[in-house]
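Visitor: Dropping the structure in here first, questions after.
The values are calculated or read from the model by the stated rules, or taken from the named source; none is laboratory data. Because the structure is a prediction, the values reported are computed rather than measured. Reconstructed Cβ throughout: ideal geometry from the backbone, glycine too, with neighbour counts over all protein chains shown.
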Amino acid sequence: MSIRSFQELIGAVSGLPPVPVAVAGAADDRVMASLREGHELGFIGKCFLTGPGEAVEKAVALSGDDPSMYEIIPAATDLQMSALAVRAVREDGALILVKGSVKSEAYIKAILDSENGIRASSVLSNLSLFEMPSYPKLLAVTDNAILILPTLQEKAAVIENTRPLWNALGVKPVLVAALAAVETVNPKMQATVDAAALSVMSLRGQLKGFTVEGPLGYDALICAECAATKGLSGSAVCGAPDMILAPNLETANSLAKSYKFHGGASWGGLVFGARVPAVLNSRSDDGMNRLKSMAMARAIAEGRTLSQN
């Protein structure tokens, strides 16, 4: 059985050995709350914290956590904080990178730095994972933070980037809906052309472990009955997708925020394509959402299917 909720995920990673974490911009009470919870659950180990020294020391003290679990690395700017957190991955063995109070641009720039970064894939991409009362399992949306208008080649890479997460969650095959406005291929609508190409690639085994269908409108991909009315009753994906691949950043970002504000969703988010899983939360996210992101990262760092444990 696959992991189908954040409660199951957190329960699974809580039984794993703790791993070191590097945080870019740790002078934030929500960041510290998530780290403390990770320590209490047992899956987070030593934490390398970057940021203004005194401010980070104060944040650690206010968290009430064991100060011996932290190493503070002073840094002044967002780019310095991000670069030093990335260095902790390269040189100090941190297995999870976490975005704290720094801006996303600085965080991504440090990961991608040609000399000192930790890029591992040709494409860096973001995924947000949602749990909603209206849907029976975890549902991912990608890419809602990095790629503005991905090409067909980049969309294929985005799908491949997510493989470690699905392996850890025990999802097989991964059902991917390539989102578009309509279900028919229209040469004037690049999203439909790319979706159809990805579907063919899936059928030909070029995206092993993924079942990709498209183009699919949102109503068809999320509702099997709606899909049937459009002649898609034989679909393996419609009504049961694990991941929605959006045609552009605006669509993905709007869909993700709709889940948050209208769907009653809880969520976590990661950057894929780096040497280690990289947590990417909004600076406004609370400690629990940050914890869920770190649980996703810890599951990937384990490198095996958690649901079989």
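Visitor: Can you tell me which residue among A240, A220, A295 is assigned to a helix (DSSP H, G or I), outside the structural domain of L41 (by TED's automatic domain parsing) and surrounded by 16 or more Cβ atoms within 10 Å (Cβ to Cβ)?
Guide: Just one listed residue meets the conditions, A220.
Visitor: Let me ask you something else. Where in the stretch 131-205 are the helices (runs of 4 or more DSSP H), entirely inside, with at least 3 residues that are more than 20 Å from S121 (Cα to Cα) and hydrophobic (A, V, I, L, M, F, W, C)?
Guide: The qualifying helices (runs of 4 or more DSSP H) are 190-203.
Visitor: Kindly state which strands (runs of 3 or more DSSP E) lie completely within the stretch 8-101 and contain at least 2 residues that are under 17 Å from A297 (Cβ atoms).
Guide: 19-24, 44-51, 96-99
Residue by residue, here is whether (1) among the hydrophobic types (A, V, I, L, M, F, W, C); (2) under 19 Å from V158 (Cα atoms); (3) surrounded by 15 or more Cβ atoms within 10 Å (Cβ to Cβ) holds:
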site: M189; (1), (2), (3): yes, no, yes
site: V193; (1), (2), (3): yes, yes, yes
site: L198; (1), (2), (3): yes, yes, yes
site: L203; (1), (2), (3): yes, yes, no
site: V212; (1), (2), (3): yes, yes, yes
site: P215; (1), (2), (3): no, yes, yes
site: E225; (1), (2), (3): no, no, no
site: A228; (1), (2), (3): yes, no, yes
site: S235; (1), (2), (3): no, no, yes
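Visitor: Separate question: Which is under 26 Å from A83 (Cα atoms) and either in contact with a strand residue (DSSP E or B) (Cβ under 8 Å, 6 or more places away or on another chain) or assigned by TED's automatic domain parsing to the domain that holds A256 (or both), of I146, I159?
Guide: The unique qualifying residue is I146.
Visitor: All but one of (1) touching a helix residue (DSSP H, G or I) at 6+ places or on another chain (Cβ under 8 Å); (2) more than 30 Å from L175 (Cα to Cα); (3) not in a loop (DSSP other than H, G, I, E, B) hold for N116; which doesn't?
Guide: So the condition that N116 fails would be (3).
Visitor: Considering the stretch 5-31 alone, what residues qualify as being buried (at least 17 other Cβ atoms within 10 Å of the Cβ), under 13 Å from L138 (Cβ atoms) and touching a strand residue (DSSP E or B) at 6+ places or on another chain (Cβ under 9 Å)?
Guide: The answer is F6, L9.
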